[in-house]
1. Any residue at all in the stretch 14-34 that's within 23 Å of H166 (Cβ to Cβ) and polar (S, T, N, Q)?
2. For residues that are in contact (Cβ under 8 Å) with a residue 24 or more places away in the chain and part of a loop (DSSP other than H, G, I, E, B), scanning just the stretch 15-27, find the one that is surrounded by the most Cβ atoms within 10 Å (Cβ to Cβ).
3. Out of the stretch 128-143, which residues are closer than 24 Å to L106 by Cα, of a type in the set (S, T, N, Q) and crowded, with 17+ Cβ neighbours inside 10 Å?
4. Residues in the stretch 144-162 that are without any contact (Cβ under 8 Å) to a residue 12 or more places away in the chain and either surrounded by 14 or more Cβ atoms within 10 Å (Cβ to Cβ) or assigned to a loop (DSSP other than H, G, I, E, B) (or both): how many?
5. Name every residue in the stretch 38-51 that is part of a helix (DSSP H, G or I) and either at pLDDT 95 or above or on the phi > 0 side of the Ramachandran plot (or both), in order of residue number.
6. Kindly provide the set of residues from the stretch 61-81 that are assigned to a helix (DSSP H, G or I), more than 20 Å from V170 (Cβ to Cβ) and in contact (Cβ under 8 Å) with a residue 40 or more places away in the chain, ordered by number.
7. Could you grab me the full set of residues in the stretch 177-187 that are in contact (Cβ under 8 Å) with a residue 60 or more places away in the chain and surrounded by fewer than 18 Cβ atoms within 10 Å (Cβ to Cβ)?
8. Considering the stretch 93-130 alone, what residues qualify as being in a loop (DSSP other than H, G, I, E, B), acidic (D, E) and either touching a residue at least 60 places away in the same chain (Cβ under 8 Å) or over 14 Å from S177 (Cα atoms) (or both)?
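The values are calculated or read from the model by the stated rules, or taken from the named source; none is laboratory data. Because the structure is predicted, anything quoted here is derived from the model rather than measured. Cβ placement follows ideal geometry from the backbone for every residue including glycine, while neighbour counts extend to all protein chains displayed.
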Amino acid sequence: MTRTREFDVNETLDKAMHLFWEKGYVETSVRDLVKCTGVAHAGLYSAFGDKERLFKAAVRKYCLKIADEMFGVLDHDNAGRAEIEHVFEIILQMNKDGRLRKGCMLVNTAVEFSGTDEELNNLVLGNFKKLENALSRALTHAVAAGKVRNDLPVKRIATSMATTIHGLSVLSRAGISIATIEEVILATLEQLD
């Protein structure tokens, strides 16, 4: 007879995601995961496999939950300049209220693994490309609507904005000042005029 699982897998994965996000893969021990989730070592391994598989599941959950929530504002057919500005407002607000002090889990993962794990590398680059494409679509709509200059190099600006967003997450983790974040955002958005 198989034993019934006595914990919520999604809730456990959410707790593990936040711990990995804060500490990274290497600095998070199985003991830390047990303490954080309240699930015994055997239960974690039964549900998720080893620590590496749990980490990858946590990164995938981050992609779905956090990254998509944050940039979902760009994910509709009529997104334009206002939505791009809103994304930067979200980033600024998340810095003001401390939610980005851990940085971006995807960027943290890219730095920690430095391209040594193909699956994680694909997740990071895939998410970057998703953001870049969403920004590119929004910029294209903004050009067509006359909300930005008509000679805007859309692809180049979209890549620059996506890179700036990820760079701000690294600097957020390092403790960049709100005033500097505001200046970076202002300079980024000034490219549109």
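1. Yes, the conditions are met somewhere in the stretch 14-34.
2. Y25
3. S136, the sole residue that qualifies.
4. Looking only at the stretch 144-162, we keep the residues that are without any contact (Cβ under 8 Å) to a residue 12 or more places away in the chain, and these are 144, 146, 150-151, 153, 156.
If we keep only those that are either surrounded by 14 or more Cβ atoms within 10 Å (Cβ to Cβ) or assigned to a loop (DSSP other than H, G, I, E, B) (or both) too, we end up with 146, 150-151, 153.
The qualifying residues number 4.
5. Scanning the stretch 38-51 gives a single hit, K51.
6. Selection gives K61, K65, L74, R81.
7. Hits for the stretch 177-187 are I178, E182.
8. D117
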